[in-house]
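The values are calculated or read from the model by the stated rules, or taken from the named source; none is laboratory data. Since the model is a prediction, treat every value here as computed from it, not as a measurement. Using ideal geometry, Cβ is built from the backbone for each residue, glycine included, and neighbour counts are taken over all protein chains shown. Ligands, DNA and RNA are stripped out before the accessible areas are found, and what is left, the full protein with its side chains, is counted by its heavy atoms. Shrake-Rupley method; radii C 1.70, N 1.55, O 1.52, S 1.80 Å.
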Amino acid sequence: MDIAFNNEWLFTENFDAGFDEAVSVRLPHTAKEIPYNYINCRDYQMVCGYRKIFTAPGDWQGKKLILRFDGAAHEATVFCNGERVGYHACGYTAFCVDITDFVRLGGENVIDVRLDTRESLNIPPFGFVIDYLCYGGLYREVTLEVKDPEYIKEVLIENTGLREIRVRISSECGSLVTDIVDNSGAVISSAVGKAFELNVPEAELWSVDSPTLYTARVRAMREGECVDEKSIRFGFRTVKFKSDGFYLNGERLKIRGLNRHQAYAYVGYAMPRSVQELDAEILKNELGVNAVRTSHYPQSQHFISRCDELGLLVFTEIPGWQHIGDEVWQAQALQNCREMVCQYRSHPSVFLWGARISGSPDNEAFYKRTNEAIHRLDPTRPTAGARNFRKSQLLEDVYAYNDYSCRGRGAACEARAAV
């Protein structure tokens with residue numbers, strides 16, 4: 001059971017001052033609303049606080065209680081009834097906190113979040129100049145998951161062939177049943193166990209013109225009873241780059257795309273599902289592109305899911321802008337990289353992983369680690385990384401170059417001989 005935890009939060013701009021004068025807010029929420037025509041990035045930098053008070057019924061006894069934060073910018077420390085229960089240092093990926101042992105069943109409980117939005121943090125994308133605003137707040141949704149102890153933690157689907165998939169399930173349950181369901185609700189294939197491969201000859205392919213989606217419905221069974229269920233949407237498709245271009249499902253496709261930031265006037269990052277989906281619709285239906293780069297960080301699952309539905313390819317990259325920090329900073333960037341892949345790898349629209357900090361200098365040791373992490377977590381997609389200078393070291397699968405020169409005869413790339 002998933003419970004939306006978006007209503008009736010208290011917010012204060014000064015966590016240390018407490019919540020006596022806090023205001024009531026609803027998530028998604030921005031730490032500071034800013035004027036349309038005047039923006040000072042210092043205005044939204046603070047150590048703010050969020051508080052949620054809830055009652056946990058007694059019949060949750062024996063359940064796992066997990067809080068999922070989809071977006072907390074930028075450094076979050078979570079407390080349950082005064083006890084520190086979690087910490088996360090990336091404003092662009094989700095994180096979960098197990099609060100099972102700290103919740104008072106049958107009574108009132110308090111969740112506090114200390115949220116540091118300052119750009120002085122030694123975490124990506126901070127450390128130097130950034131060309132985009134990094135708004136703070138609990139700007140995506142929060143969910144309380146009430147689970148059986150043998151719940152399904154993750155369902156990983158990998159495209160191993162045109163109509164072939166490999167499924168791996170993480171769960172303590174010994175009996176797992178997976179159905180592959182089409183859009184009509186019909187089961188087209190089934191399997192049991194934690195790991196298996198399926199070949200579905202009749203499956204329709206996912207493409208930019210016909211983005212057919214299927215659902216893997218996984219049930220954890222105990223003594224004939226379903227104790228947990230998890231559904232993951234996916235598509236049958238293959239992606240590959242060759243010397244002459246990009247191939248989707250074995251057919252060459254010319255990529256036409258734009259960059260997208262997740263910021264909005266007044267409220268910064270804090271926009272709900274409907275607006276996230278609308279951006280994808282504008283890109284696909286009004287601007288006529290077939291690809292989008294989520295510059296320069298992972299973006300809302302609602303946006304990426306709508307890209308799945310519309311047939312809009314996604315190039316997503318780790319948070320950052322030009323700067324590479326010290327070893328502590330790089331360790332966090334590597335963790336961001338792992339989280340990005342694990343959280344977005346089931347989306348058929350994702351076709352490229354950004355393994356470099358956008359526009360950063362070469363750093364062989366660091367970028368060997370990011371590429372290795374991505375290939376280990378997802379061997380089915382290539383890596384890339386946007387650089388803004390020529391003859392950069394190539395450690396990724398695809399050389400991505402920001403051409404700002406306009407030296408070609410048209411409005412596109414430099415002349416080939418000049419590269």
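Please name all residue pairs, on different chains or six or more residues apart, with Cβ atoms under 7 Å, provided the first residue is in region 330-347 and is β-branched (Val, Ile, Thr) and the second residue is in a helix (DSSP H, G or I). Listed by first residue and then by second, the contacts come to 341/374; 341/377.
Within region 359-413, being modelled with pLDDT under 95, touching a strand residue (DSSP E or B) at 6+ places or on another chain (Cβ under 6 Å) and assigned to a loop (DSSP other than H, G, I, E, B) holds for 385, 402.
Can you name every residue in region 263-287 that is of a type in the set (A, V, I, L, M, F, W, C) and at pLDDT 95 or above? Correct list: 270, 271, 275, 278, 280, 282, 283, 287. Tallying residues that are touching a Lys or Arg at 6+ places or on another chain (Cβ under 8 Å) and either part of a strand (DSSP E or B) or buried (at least 18 other Cβ atoms within 10 Å of the Cβ) (or both) within region 155-173 yields 11.
Per the conditions (1) touching a residue at least 40 places away in the same chain (Cβ under 8 Å); (2) assigned to a helix (DSSP H, G or I); (3) open to solvent by 40 Å² or more (accessible area, probe 1.4 Å), the sole criterion not satisfied by residue 266 is (2). Evaluated against (1) of a type in the set (A, V, I, L, M); (2) crowded, with 17+ Cβ neighbours inside 10 Å; (3) at pLDDT below 95, residue 97 falls short on exactly one condition, (3).
Looking only at residues that are under 15 Å from residue 112 (Cβ atoms) and open to solvent by less than 70 Å² (accessible area, probe 1.4 Å) in region 32-58, which one is farthest from the chain's Cα centre (by Cα)? Reasoning before the result, please.
Here is the first cut: in region 32-58, the ones under 15 Å from residue 112 (Cβ atoms) are 47-54.
Next, only the ones that are open to solvent by less than 70 Å² (accessible area, probe 1.4 Å) stay: 47-52, 54.
Working: 47: 24, 48: 23, 49: 23, 50: 22, 51: 24, 52: 24, 54: 27 Å.
Step by step, filter region 32-58, then rank; the result is 54.
Scanning region 46-88 for residues that are within 20 Å of residue 150 (Cα to Cα) and of a type in the set (S, T, N, Q) returns a single hit, 61. Restricting the first member to region 306-328 and to residues that are in contact (Cβ under 8 Å) with a residue 40 or more places away in the chain, and the second to residues that are part of a loop (DSSP other than H, G, I, E, B) and open to solvent by 40 Å² or more (accessible area, probe 1.4 Å), the beta-carbon pairs closer than 6 Å and six or more apart or on different chains are 321/131; 323/127; 323/128; 324/363; 325/127; 328/122.
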